[in-house]
Amino acid sequence: MEAGGDTAAPAPGGAEDLEDTQFPSEETREGGGVHAVPLDPEGKGLEETGSKDKDQPPSPSPPPQSEAPSSTSRLWSAAAPENSPTRSPESSSGGQGGDPSDEEWRSQRKHVFVLSEAGKPIYSRYGSVEALSATMGVMTALVSFVQSAGDTIRAIYAEDHKLVFLQQGPLLLVAMSRTSQSAAQLRGELLAVHAQIVSTLTRASVARIFAHKQNYDLRRLLAGSERTLDRLLDSVEQDPGALLLGAVRCVPLARPLRDALGALLRRCTAPGLALSVLAVGGRLITAAQERNVLAECRLDPADLQLLLDWVGAPAFAAGEAWAPVCLPRFNPDGFFYAYVARLDAMPVCLLLLGTQREAFHAMAACRRLVEDGMHALGAMRVLGEAASFSNASSASAPAYSVQAVGAPGLRHFLYKPLDIPDHHRQLPQFTSPELEAPYSREEERQRLSDLYHRLHARLHNTSRPLRLIYHVAEKETLLAWVTSKFELYTCLSPLVTKAGAILVVTKLLRWVKKEEDRLFIRYPPKYSTPPAPSTDQAAHNGLFTGL
């Protein structure tokens, strides 16, 4: 059920979809990837483009508004303007304040709430959950009111506000927003928040807890996880590529060195080891999976991104740690056991996932082998030099400048290859340069993120999807293009014309093809672990029993 107010969200002007414009065609070589060729003057091989509608996706035509308690209007009566900056982490759920009458709380442009079916507050992006208990009670009343009529509430539209609901077992997640994100995108964000909670407790544990005691305060078990949730939601505002494209970003690295690091991970194994990951600054260097894992299931990019975000927590800033972690897309009801260590004085992180509870010392031995091997390969030096020349804010993660493309007028882009071989589908990836001026300030990054969300919603609209969008905004020109081979979002100078945009995209596709071995993991390594020692005890809460 989706309910709406009297007026739909207005669509911004200044946009048009390309209809007859000719764009560079692309060909697939035997090795996969995209090969850009000169522009076809006759338009042969062009992808079908969208119609000349406005760029903002039309708000769904909601059915007549259902009767609901009149007090629900307080949920969105005074939200912030769309370009309102995001609050600092101090204003998160652990902070003071947060009453809906508080001006600072109302100035936020998006809120995320997590509560139980009984209305017990669990998490709020801003403010104190204690001060918001009455507001969350209204949300519970809304859900119960609609359920009493045999329906399920999904979203409410009121003027320029969206209120999106997601029921996941005994947990209710709510997003209240007046950003340009669509309801589907907000729902995906709520799913990511739920996955983060499940990664700590498992779905089965949450269900058992609330089956035993409906008004249980889940915050007792999630202590310390609030900051992780805050960082997750901040990343959507500042760097939306991973969640928007459903992929992970790799550290740009020469293929010989990346292959050598993959071979190093293959050699450093231990009984029960299922996954080895090298990462820096929330970006993937390389990963190796146990062969049986690859044969029996797929490692979802959402799970891998969750791990990358998880190891970026301050708790893992130094030393080594041993903790259980659940991968919700893989198995939401079981734990892996994770060994996390920082290597040398670098922000490079090694993550080893295993199925044996008492394998800490075996994992630590693997860590020493990996660290020695990386020093022998010179990988620490290479990663350190790359990070020192980077202005990226992601914990000194090596990155590259958009100037490397050599396409004047190009400011930023998101690129996800789609024509990869089948065995690469285990690891969907994307690439993008670091954000530079004029997107150095937080407000400008938010504005660019909003534009990317708006274009993504148009391309993937379920009722009327588009293939190509050319959007002229106030401060930039954007082009979004999805084919069977790639998904691309580009941000260009406002002075770039359609013809100029064609040239920029042509150069960009050629550059990506040339650099694809450096930007992406083309051949994810696999290995076989030694057989686990026999034991009379059953595996304790493990996801595998035969590794």
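Tabulated values for the structure
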{"quantity": "Any hit, the stretch 408-430, residues being hydroxyl-bearing (Ser, Thr, Tyr), touching a Leu at 6+ places or on another chain (Cβ under 8 Å) and at pLDDT below 95", "calculated": "no"}
{"quantity": "Lone unmet requirement of (1) outside any strand (DSSP E or B); (2) in contact with a strand residue (DSSP E or B) (Cβ under 7 Å, 6 or more places away or on another chain) for Gln196", "calculated": "(2)"}
{"quantity": "Which numbered condition Arg510 misses (of (1) among the basic types (Lys, Arg); (2) modelled with pLDDT under 95; (3) in contact with a strand residue (DSSP E or B) (Cβ under 6 Å, 6 or more places away or on another chain))", "calculated": "(2)"}
{"quantity": "Residue within the stretch 434-441 that is at pLDDT below 95, of a type outside the set (A, V, I, L, M) and touching a Cys at 6+ places or on another chain (Cβ under 9 Å) present", "calculated": "yes"}
{"quantity": "Selection within the stretch 121-179 - within 19 Å of Ser107 (Cβ to Cβ) and either in contact with a Pro (Cβ under 7 Å, 6 or more places away or on another chain) or among the charged types (D, E, K, R) (or both)", "calculated": "Arg125, Val129, Leu132, Thr135, Glu159, Asp160, Lys162, Arg178"}
{"quantity": "Ser144 vs. criteria farther than 30 Å from Phe335 by Cα, assigned by TED's automatic domain parsing to the domain that holds Ser124, assigned to a helix (DSSP H, G or I) and more than 17 Å from the chain's Cα centre (by Cα)", "calculated": "yes"}
{"quantity": "Tally, over the stretch 359-375, of residues that are of a type in the set (Asp, Glu) and touching a strand residue (DSSP E or B) at 6+ places or on another chain (Cβ under 9 Å)", "calculated": "1"}
{"quantity": "Test: residue in the stretch 339-355 that is farther than 24 Å from Arg227 by Cβ and either touching a residue at least 40 places away in the same chain (Cβ under 8 Å) or buried (at least 18 other Cβ atoms within 10 Å of the Cβ) (or both)", "calculated": "yes"}
{"quantity": "Residue in the stretch 169-186 that is more than 30 Å from Gly378 (Cβ to Cβ), surrounded by fewer than 18 Cβ atoms within 10 Å (Cβ to Cβ), under 21 Å from the mean Cα position of the chain (by Cα) and not polar (S, T, N, Q) present", "calculated": "yes"}
{"quantity": "Tally, over the stretch 216-231, of residues that are surrounded by fewer than 20 Cβ atoms within 10 Å (Cβ to Cβ) and touching an Asp or Glu at 6+ places or on another chain (Cβ under 8 Å)", "calculated": "1"}
{"quantity": "The lone exception for Asn461 - which of (1) surrounded by fewer than 22 Cβ atoms within 10 Å (Cβ to Cβ); (2) assigned to a helix (DSSP H, G or I) it fails", "calculated": "(2)"}
{"quantity": "Leading residue by the ranking (surrounded by the fewest Cβ atoms within 10 Å (Cβ to Cβ)) among those in the stretch 279-292 that are in contact with a helix residue (DSSP H, G or I) (Cβ under 6 Å, 6 or more places away or on another chain) and either at pLDDT 90 or above or among the aromatic types (Phe, Trp, Tyr) (or both)", "calculated": "Thr286"}
{"quantity": "Scan of the stretch 118-137 for residues that are in contact with a helix residue (DSSP H, G or I) (Cβ under 7 Å, 6 or more places away or on another chain) and either surrounded by fewer than 19 Cβ atoms within 10 Å (Cβ to Cβ) or aromatic (Phe, Trp, Tyr) (or both), ordered by number", "calculated": "Tyr123, Tyr126"}
{"quantity": "Flag if Gly246 is on the phi > 0 side of the Ramachandran plot and at pLDDT 90 or above", "calculated": "yes"}
{"quantity": "Cβ-Cβ under 6 Å pairs, at least 6 apart or on other chains, the stretch 433-458 side polar (S, T, N, Q), far side surrounded by 20 or more Cβ atoms within 10 Å (Cβ to Cβ) and at pLDDT below 95", "calculated": "Ser449/Pro240"}
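Rundown of residues vs (1) of a type in the set (Gly, Ala, Ser); (2) assigned to a strand (DSSP E or B), yes/no style:
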position	(1), (2)
Ala175	yes, yes
Ala184	yes, no
Leu191	no, no
Thr200	no, no
Ala211	yes, no
Asn215	no, no
Arg219	no, no
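The values are calculated or read from the model by the stated rules, or taken from the named source; none is laboratory data. Quantities reported herein were computed from a predicted structural model and do not represent experimental measurements. All Cβ positions, even for glycine, are placed from backbone atoms using ideal geometry, and neighbour counts span all protein chains on display.
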